[in-house]
Amino acid sequence: MQIRDTIVAISTPPGRSGLGVVRISGDRARDIAARILRFHPSHEWKPWGSALAELVDDDSHVVDQVVAGFYAAPRSYTAEDLIEISCHGSPIVLRFCLDRACAAGARLAEPGEFTLRAFLNGRIDLPQAEAVRDLIESTTLYQARVAAQQVEGSVSRRIRPLKEQLLELIALLEAGIDFAEDDISVASAEEIARRLDPIEKAVSALLSTFDYGKLVHSGITLAIVGRPNVGKSSLFNRLLEQDRAIVTEIPGTTRDLVSETAAIDGIPIRFMDTAGIRAGQDLVESLGIERSYQAMVDADVTLAVLDLSLAFERDDMALLDRARRQGRYILVGNKSDLPRVAEPPEEFIAVSAITGEGIERLREKIAPAASKVQESGFITSVRHEGLLRESVEALRQARTAAEFGIPHEMLLLDLYAALRPIDSITGATTADDILNRIFSTFCIGK
């Protein structure tokens, strides 16, 4: 990929719309725009200003009236000269504008290349670049807010101080090695442990946020299972707040999986209504029951539903035993609006899919309320989680090495092993960074 080329792309989704945007970025952006657009004779490029223009063909025939916005380097999204041409949203017009820009010297942008240039030019760091993608792909407003915080640098702000502390410790030990011939000890084992402690705690604390961040990013798959006629489909509809599944008094109405996605407190949840589980039924229903069992295996959380108005039966116990073996389940007693007969053998949530009683409590149990999570800067990326886990392990090894009096040259290997994963999140640290830190922190004097 030639990052010094001037690139062009259509930045709005395919299809017809009121407006469509063609974006040009690079040193030749203004020159290319001037070749494909006809401006007023007195036109001058003004940074962060817009101008009316005409999109013309080779014979100077007008194809569209457009608005061209100019964002001057380095204060643009890519930190390069950037032109955004707002056309009418006809696919033909947008494609024509794109072809004209390519004929004038631009290159078609690769996927994500505008954001890649923003990173390479120091406009954003890697967590911010990855959050741009998450923001575009968000399906709930809460997901969008979290991604927007990350675009603004919430994760980077949490990582930066601990990276600085780690670099300071590395610089200290590097300096100690340089002064070894003078018999000067710059850091005792206690001092190294004292400096390592807050770093390890900070990395571990950030790593622990992934459990919640994964829910926000990827959502939850939830299977609703139980005997026929316990009210699974009614509960499914109540949680979705729409009539999605067919509800009748006939046992075995649901014979296949019915799924729908909704959000609870900003977390996307895929609900699956399953066939009622009972023994000795016809072939079609038996196949549906097998799919119910498979849904339990695949789900992140299972709602094991009982009918509180009927006695607890052997099929209920078998279902509960299976849910216990798999873990990740919530026991729900439905039909709490009717006289209670069943006494479930463990803690459960009583609800009524008809009246709505207990539904809010069940929602809170399914997904932690977003309003209760005050912390910003939690991680949502599997890549970040793996790298932080690697860094924590290296920091623990460094602590053990310090406790056993391992030479600093060897201990530094663990510290660099802890730094590399963090660099993979934020961007690489060069040897010059370490040297600069040594010179600025210690009075070398020779």
Original post:
Does segment 257-277 contain at least one residue that is in a loop (DSSP other than H, G, I, E, B), at pLDDT 80 or above, within 27 Å of residue 140 (Cβ to Cβ) and not small (Gly, Ala, Ser)?
Top reply: yes
Original post:
Could you say whether any residue in segment 363-371 is assigned to a helix (DSSP H, G or I) and at pLDDT below 65?
Top reply: yes
Subject >> Only listed residue being closer than 30 Å to residue 367 by Cβ and either surrounded by 20 or more Cβ atoms within 10 Å (Cβ to Cβ) or among the β-branched types (Val, Ile, Thr) (or both), chosen from 158, 117, 133 >> reply: 158
**OP:** Hey, can you tell me all the residues within segment 299-356 that are surrounded by fewer than 14 Cβ atoms within 10 Å (Cβ to Cβ), within 17 Å of residue 228 (Cβ to Cβ) and charged (D, E, K, R)?
**Re:** 314
Subject >> Filtered residues of segment 197-219 (kept if modelled with pLDDT of 85 or more and β-branched (Val, Ile, Thr)) >> reply: 199, 203, 209
**OP:** Can you work out which of the residues in segment 278-323 that are among the hydrophobic types (A, V, I, L, M, F, W, C) and touching a Pro at 6+ places or on another chain (Cβ under 9 Å) is modelled with the lowest pLDDT?
**Re:** 312
**OP:** Report, ordered by the first and then the second residue, all pairs with beta carbons closer than 7 Å, sequence separation of six or more or different chains, a first member in segment 51-64 that is in the same structural domain as residue 92 (by TED's automatic domain parsing), and a second member that is polar (S, T, N, Q) and buried (at least 17 other Cβ atoms within 10 Å of the Cβ).
**Re:** none
Original post:
Which one is nearest to residue 99 (Cα to Cα) among residues in segment 20-66 that are surrounded by fewer than 16 Cβ atoms within 10 Å (Cβ to Cβ) and touching a His at 6+ places or on another chain (Cβ under 9 Å)?
Top reply: 65
**OP:** Keeping to segment 220-243, report how many residues are assigned to a loop (DSSP other than H, G, I, E, B), touching an Asp or Glu at 6+ places or on another chain (Cβ under 9 Å) and farther than 11 Å from residue 305 by Cα.
**Re:** 1
Original post:
Just for segment 19-50: of the residues that are free of Cβ contacts under 8 Å to residues at least 60 places away in the same chain and assigned to a strand (DSSP E or B), which one is nearest to residue 2 (Cα to Cα)?
Top reply: 37
Original post:
Within segment 326-345, how many residues are under 19 Å from residue 274 (Cα atoms) and modelled with pLDDT of 85 or more?
Top reply: 7
Original post:
Going by the structure shown, is residue 95 of a type in the set (Lys, Arg) and more than 24 Å from residue 17 (Cβ to Cβ)?
Top reply: no
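The values are calculated or read from the model by the stated rules, or taken from the named source; none is laboratory data. Computed from a prediction, not measured in an experiment: that's the story for all the values here. Every residue, glycine among them, receives a Cβ derived from its backbone with ideal geometry; neighbour counts consider all protein chains shown.
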